[in-house]
Amino acid sequence: MRTAILPQAIRCAELRVRLPRHHIDMLMYRADQQETTVSGVLERELDGIASAHMEELSAALPGSPRRWRGRVIDGNFIRRWRR
């Protein structure tokens, strides 16, 4: 039997989106500048949104999101999971 390490709410999942070409170019440029992937750039940006709207999102998202919290350190959103 395999035990899940990460809570369901923070496990990775695939998402397909359609974006204007200039947005894709911008994401690729930022990924190159940060020496990461487009997924990494998007994750950081979405973590910033999560930080800015923490109370609203934790009340609205399913899967016991009230247990999820985080903080910003040096401009990066750090996620933590409480049991």
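Couple of notes before you dig in:
- Using a Förster distance of 25 Å, the FRET efficiency for Ser58-Val17 (Cβ separation, nearest 0.05): 0.55
- Between Met28 and Leu6, the contour length at 0.36 nm per residue exceeds the Cα-Cα span by 5.1 nm.
Read-outs: derived from the displayed coordinates by stated rules, not from any lab. As the structure is a computational prediction, the values presented were derived from the model and not from experiment. Counting neighbours? That spans all protein chains shown, and the Cβs are built from the backbone with ideal geometry, glycine included.
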